[in-house]
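Peer 1: So that we are looking at the same thing, I have put the structure below in structure tokens.
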Amino acid sequence: MFCEESNENCGSTKRENMCWMYDKNKHQNIQDFFATFGNFTFGFGENEVYDYEWRPEDYLYYVPGEIEYYCFGLQAIR
């Protein structure tokens, strides 16, 4: 998984499940934090392909509290 490939990926501090801590000591701002995650690109259409890019600020949601966490907004169903 992308987040486990390097300590630099996904904010580097995982909470549990699919949540990561936004550490202001490691990242100057929230955009620097989001930049440590990858983008997802989806193609739609048959004759003409339309690409949609899903950025971290789109697929991560904020969890309020004393420590700022951002969690992945989808759950895998197997």
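Peer 1: Among the residues of the range 15-34, what is the count of those that are over 12 Å from F72 (Cβ atoms) and either in contact with an Asp or Glu (Cβ under 7 Å, 6 or more places away or on another chain) or surrounded by 15 or more Cβ atoms within 10 Å (Cβ to Cβ) (or both)?
Peer 2: Selection size over the range 15-34: 6.
Peer 1: Let me ask something additional. Can you list the strands (runs of 3 or more DSSP E) lying wholly within the range 14-61 that have 3 or more residues being without any contact (Cβ under 8 Å) to a residue 12 or more places away in the chain?
Peer 2: Numbers: elements: 19-21, 40-44, 50-54.
In the range 14-61, the matching strands (runs of 3 or more DSSP E) lie at 50-54.
Just so you know, all these numbers are worked out from the coordinates, no wet-lab data involved. Keep in mind it's a predicted model, so treat the numbers as computed, not measured. Note that each Cβ is placed from the backbone with ideal geometry, even for glycine, and that neighbours are counted across all protein chains shown.
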